[in-house]
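The values are calculated or read from the model by the stated rules, or taken from the named source; none is laboratory data. Because the structure is predicted, anything quoted here is derived from the model rather than measured. Because the Cβ atoms are built from the backbone with ideal geometry, glycine has one as well, and the counts that use them run over all protein chains shown.
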Amino acid sequence: MNGVPRPGFVIGVDFGGTKVAAASATLQGEMLERVRFDTDAAHGAEQAVRRAGEACRAIRAKTEAETGGACVAAGVVCPGIVLRDRIALAPNVPGWENLRLQEAMQAELELAAIAVDNDVKAAGLAEARWGALSGFDPAVFLSLGTGVAASVLVGGRVLAGAHGAAGELGYTLCGRGEQRGFAEGRAPLEEFAGGRFIGIRASRMLQRDVSAADAFAATDQDVRELVDEALDELAVHVANMAIMLDPERIAVGGGLMGSADRVLAVLGRRLKAAVPFPPSLVRARFLHDAALRGAIALALDLPSARFEPVAELASGHRRS
């Protein structure tokens, strides 16, 4: 065994508004140990980071014991634009805006090699490397969940934008008459078509608490019209995005894809009617853990991971 390096591994962490997921993975991107727990967002960001650190240390210890390897890097993702000293555009987790996420996780894991990024951008990277967008260029990962956002991929790389805010579709204006926007703390498209707000409006109609999934399944005519209107508005924005970017494929993920047939039918009709060269429209491969897999991809891209097999894994996917 002298001179033979021990097998290394990486850790990925996905901070969400309602849950935190973490996993270890081989240098080929294969997940090993996984854990998931509530974010408990009402109690702030620091406790979420502390509990994530505890979970990651447990995962690392178990993976070290089972593989004989060492953790060489970690990737961490969350909503919003992750800057060095704060997180912008992440209003749903108290205290998140003042968090130095990379520094905090470096301290929790006692590991310098940590990459941080937006969760939707990371999810797009995972779909491009291992999923439904592999081999398609340019491509778009569309996340329809609590909010609305996209990840634009060119040459297999995620487009960040000048301020890291490329793809923040939720802030787009809904028509010429829309007077409220980001400067007033609003996200017009997200407030109309995001899952959280669909649930809020449906709850008011039905006079009881319902989720977006409940609204999509509802038989009440008013709620069905609410959902149809939200999807129609969303489809206009997706078509405009496709006209501007001319992507080869759009892969759709997120919680609203629990009603995938309904979502894809509305988006597909609008794309065919409006876009000169309509992209193919498909379900994302990783409907439930794309952001976590993206965090792993970020870790694998760090120099300390020193990997080759990922390219082989990605090239193993054939276009369909």
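Quick notes on this one:
- Every condition in (1) buried (at least 19 other Cβ atoms within 10 Å of the Cβ); (2) in contact with a Ser or Thr (Cβ under 7 Å, 6 or more places away or on another chain) is met by GLU190 except one, and the failing one is (2).
- Candidates PHE15, PHE37, filtered to the one that is within 21 Å of the chain's Cα centre (by Cα), buried (at least 23 other Cβ atoms within 10 Å of the Cβ) and in the same structural domain as ILE296 (by TED's automatic domain parsing): PHE15
- Candidates are the residues of region 169-185 that are within 22 Å of VAL252 (Cβ to Cβ) and not aliphatic (A, V, I, L, M); the one that is modelled with the lowest pLDDT is CYS174.
- The listed residues are LEU125, LEU159, LEU144, and the only one of them that is in contact with a helix residue (DSSP H, G or I) (Cβ under 9 Å, 6 or more places away or on another chain) and free of Cβ contacts under 8 Å to residues at least 12 places away in the same chain turns out to be LEU159.
- Answer residue from region 80-100, given it is buried (at least 23 other Cβ atoms within 10 Å of the Cβ) and in contact (Cβ under 8 Å) with a residue 60 or more places away in the chain and is nearest to ALA21 (Cα to Cα) among those: VAL93
- Residue in region 172-182 that is surrounded by the most Cβ atoms within 10 Å (Cβ to Cβ), counting only those that are closer than 24 Å to LEU159 by Cα and free of Cβ contacts under 8 Å to residues at least 24 places away in the same chain: LEU173
- Contact annotation: residue pairs with Cβ atoms under 9 Å, 6 or more positions apart or on different chains, pairing a residue in region 45-72 that is without any contact (Cβ under 8 Å) to a residue 60 or more places away in the chain and surrounded by fewer than 16 Cβ atoms within 10 Å (Cβ to Cβ) with a partner that is charged (D, E, K, R) and in a helix (DSSP H, G or I), are ARG50/GLU108; GLU54/GLU108; ARG57/GLU108.
- Single condition ALA291 does not satisfy, out of (1) over 20 Å from GLY167 (Cβ atoms); (2) touching a helix residue (DSSP H, G or I) at 6+ places or on another chain (Cβ under 7 Å); (3) in contact (Cβ under 8 Å) with a residue 40 or more places away in the chain: (1)
- Qualifying residue in region 203-223 (condition: in contact (Cβ under 8 Å) with a residue 24 or more places away in the chain, among the β-branched types (Val, Ile, Thr) and buried (at least 20 other Cβ atoms within 10 Å of the Cβ)): no
- Where helices (runs of 4 or more DSSP H) sit wholly within region 251-320, those with at least 2 residues that are modelled with pLDDT under 90 and surrounded by fewer than 21 Cβ atoms within 10 Å (Cβ to Cβ) occupy 309-315.
- Total residues in region 243-267 satisfying the condition of being in contact (Cβ under 8 Å) with a residue 12 or more places away in the chain and under 18 Å from PHE136 (Cα atoms): the figure is 10.
- Taking the criterion of being of a type in the set (Asp, Glu) and within 30 Å of ALA166 (Cα to Cα), the residues of region 28-87 that qualify are GLU30, ASP38, ASP40, GLU46, ASP85.
- Counting only residues that are of a type outside the set (A, V, I, L, M, F, W, C) and surrounded by 24 or more Cβ atoms within 10 Å (Cβ to Cβ), region 102-116 holds 0 of them.
- The residue that is nearest to the chain's Cα centre (by Cα), counting only those in region 102-127 that are among the small types (Gly, Ala, Ser) and farther than 13 Å from GLY253 by Cα, is ALA115.
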